[in-house]
């Protein structure tokens, strides 16, 4: 008995409460919002969004203390959960994006016929899954994080219960998500069955010590396909336009930014911490990533050219940007030190400019009650401030210096060209061509705002609530600052020492 007790003590994990503090704060937020809804019922509505926002802000505090502490690299559970500079930056991305989503949702949800407390509970739960994903270095943890962030998102997409398009959005997202999860889990089971471990580092060591196997090849391929759905990469993108258009617009912004970023973080964890140093794995993921990147940026941009609804246009734009972000994965085996930082920096800047664009769409729709591009005609005459801000976001999405988007695209372009491979040169050309194609439909929105006449001649100003103004301020400042001072991101996104091999 004494021996068993001693073994139990030995197996008991040592918890680093400081490292887990952001997740603990978010979990506490879920409990508090649920209790408010249970105890106060309808009386909780006026305060629940503010309480949710406060918990997101509170979760940022331990991120700052971890980032400024002496020990910025921490490992828990035998290397299955790691906190380093990149993980902290990605956690900050998810939490701040969720806070901006709260600002976008406050008036939108309160003024519609929505259940509010449940909405914010789901938002907190999904964000908790994303923060767990940022530190996961184990297949089991990655899968749990993916399900924790995905299941609430399925319900949020269908939150307009009396709207058939919202019901369709949630159903498509759910059905495609379940299929992708099954493919992903099968791929993970093949990797585990071949290597005998779920820890990414151990899987990588086993793969490097053995010859190539059809089971491993299929496992890698299925894992990439599973995550390809989450990032809406072509040909796994078909759910995105209908889901984005049918879901409530704040939810669309959350899915387009945070959910997509979480999928990329999962890919980062698997590729960079497991496959990148293994020649056998590189023979599989490099050509697959090339095809996904080239197809996503090209197909997304070409279809976006034909869109008349700005939300659907931003959906296809997001597919194209997924192609840009996937490009460094195709050269990761040659340019590790450039590829990972360029992906992380792109994710952060994309979050700022895309959330900002959706904030403008929500603000303008308060007057026009439409998401059609022509509803923004003559916006300069009735919302000059929104017009200038939207123009900044459009310039950033195009990649015009010195706004944030230029550095994001330049970093990706530099990483693929510096690899010196045929894959890299081909992607460099495609990035340049697709940047020019993307400019065409972004400038179509700018032309409508600046040069067209208002549709009905009504130039009365639009009423923008304080929460929306705050969201616009956060996103526009971030977009401008990251373009002028990109070093703020590149230092934090540098490759961890553990990847130095």
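Coordinate-derived values only; no laboratory data. In this text, all values refer to a predicted model and were calculated from it rather than measured experimentally. Using ideal geometry, Cβ is built from the backbone for each residue, glycine included, and neighbour counts are taken over all protein chains shown.
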(request) Based on the mean of other Cβ atoms within 10 Å per residue, sort peptides 142-154, 292-304 so the most packed one is first. (result) 292-304, 142-154
(request) Using a 10 Å cut-off on Cβ atoms, rank the peptides 366-376, 244-254 from the highest mean neighbour count down. (result) 244-254, 366-376
(message) Can you give the FRET efficiency to the nearest 0.05 for residue 426 and residue 473, using r as the Cβ-Cβ distance and R₀ = 35 Å?
(response) 0.30
(request) Tell me which label goes with the value of Rg and Dmax of the Cα atoms in Å computed from the coordinates here: (1) 22.2, 85; (2) 24.1, 84; (3) 26.0, 89. (result) (1)
(request) Could you list 31, 274 in order of exposure, starting from the residue whose Cβ has the fewest other Cβ atoms within 10 Å? (result) 31, 274
(message) If I fit a long axis through the Cα atoms of helix 214-230 and take the longest principal axis of the Cα atoms of the chain, what angle between them do I get, 0 to 90°, rounded to 10?
(response) 20 degrees
(request) Treating the angle as unsigned and between 0 and 90°, give the value, to the nearest 10°, between the Cα long axis of helix 21-40 and the longest Cα principal axis of the chain. (result) 50 degrees
(request) Taking the Cβ of each residue in 163, 333, 242 as the centre, tally the other Cβ atoms inside 10 Å and list the residues starting with the fewest. (result) 163, 242, 333
(request) Measure nothing but the geometry: give the 0 to 90° angle between the long axis through the Cα atoms of 466-484 and the longest principal axis through the Cα atoms of the chain, rounded to 10°. (result) 60 degrees
(request) Could you please rank 200, 57, 88, placing first whichever residue has the fewest other Cβ atoms within 10 Å of its Cβ? (result) 57, 88, 200
(message) Given a Förster distance of 51 Å, report the FRET efficiency between residue 43 and residue 197 from their Cβ-Cβ distance, rounded to the nearest 0.05.
(response) 0.50
(message) Once R0 is set to 22 Å, what does the formula 1/(1 + (r/R0)^6) return for the Cβ-Cβ distance between residue 144 and residue 61, expressed as a FRET efficiency to the nearest 0.05?
(response) 0.30
